[in-house]
Amino acid sequence: MSETSMTMTKSAPVDRTGTPLVELRDISIAFGGIKAVDHVSLDLYPGEVVGLLGHNGAGKSTLIKCLSGAYQMDAGEIFINGEKAEIRNPRDARDYNIETIYQTLALADNLDAASNLFLGREITGPGGFVDDARMEAETRKIMGRLNPNFRKFKDPVMALSGGQRQSVAIARAVYFNARILIMDEPTAALGPHETQMVAELIEELKAQGLGIFLIEHDIHNVMRLCDRASVMKNGQLVGTVNVDDVTDEDILGMIILGKRPGE
Amino acid sequence: MTQTSSATRQDGASPHTSAIGRFLRATEIDTRLLGMIGALALIWIGFHLYGATFKGFGAFLTPRNLWNLSVQTASIGIMATGMVLVIITRHIDLSVGSMLGVCAVVMGVVQVQVLPGLIGFGNPAIWIIAAIIGMAVGTMIGAFHGFIIAYGKVPAFIVTLGGLLVWRGVAYLITRGETIAPLDETFKLLGGGPYGAIGETGSWIVGLLGCAGVLWLLWNGRKRRRSYEFPLRPLWAEGVLGTIGCVLIIGAVLVVNAYPWPKGIVRQYAKANNIEVPDGGLFISHGFAIPVLILVAVGIAMTVLLNRTRFGRYVLAIGGNPDAAELAGINTRLMTVKIFALMGLLTGLSSVVASARLGSATNSLGTLDELYVIAAAVIGGTSLAGGVGTIYGAILGAFVMQSLQTGMVLIGFDSAMQQIVVGSVLVFAVFIDTIYRRNLK
Ligand SMILES: Nc1ncnc2c1ncn2[C@@H]1O[C@H](COP(=O)(O)OP(=O)(O)O)[C@@H](O)[C@H]1O
Ligand SMILES: [Mg+2]
């Protein structure tokens, strides 16, 4: 991490007086005997970034997959803009303008960037045929904004570097005007320069009023980018804190000990 | 960041690229396609020279043999285009040969035993009703397989292995082992033969339309690339592609038109139409056989389906990463049902061609076809690991398989020897393919 990433460039505090954009109430899901997510409640307001932290296996990915429609929760409720939402599959989530960048990126390696970006939402022309030229043109446009060095529009994404693949996954989430964005370890595979790019993008999207769930291991990135941080351990929520009210050590303590600061 | 060599190669500004490399890049011709055409040429010339040297007559590169080859390829080729989609999505269909048998006997019973009693013997609608019923039966069987695979979560290998036995048994039960003949006269035209071909003029019309189509595709593609300011192929490369396409099509027209009707058929035809046969005999060209035109139409339709529709895009995405496809909101299970239903539809169509060519329907029709169909798709570059495959590759693959078969018959190999060669070629082709892909990585 460069020094600059430590400087606080945070905008005005998030207004949490209205209805939350997302409310997860008492979510539980088990695989076999393992309670992967155990009665967890979280909320997220427009223009807010909520960090989700915890050791590997804490249940972070599983929790957000209930919101993105990849998993079906066993118990609990989801409210979007105060209204109860039924999210049974990824298509339902998209209808609520929820976009997800998965930890595993979820790209079809054999297809090019444009086909991946538009997968499931292809632009079609006359006769209902997919309009590859138009999709490539749109992909070039958004990539010009997100990752101007991106050149490999004709190659299958298999041939791309980790950072390039990441920018395809991000472009897919950003292009369709998400209101709720879920990012599962978006910087895990990236170098410092690309991490910086993602950080700037998060700030830009936040300024546009999106709500973002950010799963992130790097505590500095969390302190810098998030408004609140929620820590999970063994499927349970340890607690949610205002990032401005705590230190790095407080959060690390929550992750390791599973206790809120001062408890 | 690490990058694969294939990607680096395409980035291209290397000063050391050979003239061939530059040519291939400019024309965007796939090296794999070239390899297959090379293999096909080798097989054709090899068998011809073998015949010329050891039998005193090279029978392979004659209009008669090439015309027959094209007709024999049609049935396997039609099914191979469907098998491409099945294999791309990481499935397999071992039941196509048996499904073909069921469709054939159903169509046989319908046109020989049922329809004549209902709408009269020789009714001009019989052929189309029978064909539609056959294709519907194929579609339903395929959809049924797909349903068990997608919703019952039984692997396609097992479902279709069971189907291989079940449907062959059903075909036997329908006919009790008897041959159903003779099939409707119009129906039989769909299998080829002198009357089941479109003649000299018709072939020229088809050929010229084909050339126009090739040129239109190139021109339209260029126009679209330009409208989005994408990089264009150099003009000379467009010219080369257009020329190659048209030469191949015209060549095919010349070959099928050089194969005349047999003397007996000419005499029969002349008598029926009150034509005087001159001393030197009457030269009436076969032209393209109808089953071959069906194969071409299926090939074009399937190529459009795979490359230009959402359905095709989803097929490729599921093959590349089933989880990603599901997360992108694609209903992967329903897709599986549709893909197997399409395989069944194409098997039904193939059954029309195969039984029409034979002039009768038997319960053993299509035996071992699954192996040839899978081999055609795989030799044509469809990867068993999923995600990769082309329609034209599978059709070329079908030509390769059929050429081997025909060639071995011409030079007098017995069927035991043929099986050994075909089996070995399949394994060898996949081996070569594995090496090719490893080098790409
Ligand atoms: N599809 C699944 N099947 C079985 N167990 C699962 C599945 N997905 C997650 N788990 C289990 O749930 C727990 C939480 O995993 P995960 O949400 O991936 O953790 P994190 O993202 O916090 O590292 C782990 O014990 C993991 O093994
Ligand atoms: Mg995770």
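The values are calculated or read from the model by the stated rules, or taken from the named source; none is laboratory data. As the structure is a prediction and not an experimental result, all values here were calculated from the model. Neighbour counts are summed over all protein chains in view; Cβ atoms, including those assigned to glycine, are modelled from backbone coordinates with ideal geometry. Just the protein is used for accessible areas: all its heavy atoms, side chains included, with ligands, DNA and RNA removed. Shrake-Rupley method; radii C 1.70, N 1.55, O 1.52, S 1.80 Å.
Tabulated values for the structure
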read-out	value
Using alpha-carbon coordinates, inclination of helix A:192-207 to the longest axis of chain A, degrees	80 degrees
Net charge contributed by nearby residues that have their C-beta within less than 15 Å of residue B:154 (K/R +1, D/E -1)	+2
Using alpha-carbon coordinates, inclination of helix A:162-175 to the longest axis of chain A, degrees	90 degrees
Descending semi-axes in Å of region A:66-212, equivalent ellipsoid built from Cα gyration tensor	25, 20, 14
With at most 10 neighbouring Cβ atoms within 10 Å, loop GluC sites (Glu not before Pro) (DSSP) excluded, longest segment of chain B	B:29-228
Kyte-Doolittle at least 1.6, axis length at least 18 Å by Cα - qualifying DSSP helices, chain B	B:96-109, B:126-151, B:156-175, B:235-257, B:290-308
Cα-based shape type of region A:2-120, given that a ≥ b ≥ c are square roots of the gyration tensor eigenvalues and the cut on a/c is 1.5	rounded
Kirkwood-based shape ratio for chain A, expressed as Rg/Rh from alpha carbons	0.97
Within region B:177-235, chymotrypsin sites (Phe, Trp or Tyr not before Pro) in DSSP loop having at most 15 other beta-carbon neighbours inside 10 Å	B:195, B:228
Value of relative contact order over chain B, rounded to a whole percent, pairs C-alpha under 8 Å and six or more apart	33 percent
Per-residue SASA entry for residue A:112, accessible area with 1.4 Å probe, Å² rounded to 10	40 Å²
Whichever aspartates and glutamates have a C-alpha closer than 16 Å to that of residue B:153, once near sequence neighbours (fewer than 8 apart) are set aside	B:93, B:323, B:326
Qualifying lysines (Cα of each under 29 Å from Cα of residue A:152; at least 8 residues distant if same chain)	A:141, A:206, B:223, B:441
For region A:154-181, residues shielded by at least 40 square angstrom of accessible area compared with the chain on its own, probe 1.4 Å	A:155, A:159, A:161
Centroid-to-centroid separation of region B:319-370 and region B:146-179 [C-alpha atoms, Å]	13 Å
Folded to 0 to 90 degrees: helix A:248-257 orientation relative to chain A principal axis, Cα	80 degrees
Heavy-atom accessible surface that A and B bury in contact, both chains counted, 1.4 Å, Å² to 100	2700 Å²
Gain on full stretching of the segment that runs from residue B:20 to residue B:235 - 0.36 nm per residue minus C-alpha separation	75.7 nm
Isotropically averaged projected area of chain B, using the convex hull of Cα atoms (one quarter of hull area), nm²	26.2 nm²
Shape category assigned to region B:227-305 from the gyration tensor of Cα positions, a/c cut at 1.5	prolate
Accessible area per residue in Å² at 1.4 Å probe, computed on chain B	48 Å²
Carbon + sulfur, % of accessible area of region A:112-176 - ligands and nucleic acids excluded, 1.4 Å	52 percent
Of A:35/A:84; A:35/A:233; A:60/A:233, those spanning more than 18 Å from alpha-carbon to alpha-carbon	A:35/A:84
Probe 1.4 Å, protein heavy atoms only - accessible area per residue of region A:112-176 in square angstrom	35 Å²
Ranking by accessible area, most exposed first, for A:158, A:183 with a 1.4 Å probe	A:158, A:183
For the protein assembly as shown, calculated [θ]222 nm from helices alone, where every DSSP H run of n ≥ 4 adds -39500 (n - 2.57)	-18500 deg cm²/dmol
Sparsely packed chymotrypsin sites (Phe, Trp or Tyr not before Pro) within region B:107-174, loop by DSSP, other Cβ within 10 Å at most 13	B:121
Accessible surface of region B:346-400, 1.4 Å probe, proportion on carbon and sulfur as whole %	69 percent
Residue B:44 accessible area, 1.4 Å probe, all protein chains in place, Å² to nearest 10	60 Å²
Rg to Rh quotient for region B:125-247, alpha carbon positions, Kirkwood Rh	1.18
Pairwise label distance in nanometres, residue A:208 with residue B:205, each label 7 Å out on the Cα-Cβ vector	5.6 nm
Kirkwood estimate for region A:112-176, i.e. one over the average of 1/r between Cα atoms, Å	11.8 Å
Sparse-neighbourhood loop sites, chymotrypsin sites (Phe, Trp or Tyr not before Pro) in region A:65-132 - DSSP loop, at most 16 other Cβ within 10 angstrom	A:129
Using a Förster distance of 41 Å, the FRET efficiency for residue B:151-residue B:424 (Cβ separation, nearest 0.05)	0.60
Diffusion coefficient, µm² s⁻¹, Stokes-Einstein with Kirkwood Rh over alpha-carbon pairs of the protein assembly as shown at 25 °C and 0.890 mPa s	85 µm²/s
Disulfide-incompatible cysteines by the Cβ rule (no partner under 4.7 Å) in the protein assembly as shown	A:66, A:226, B:103
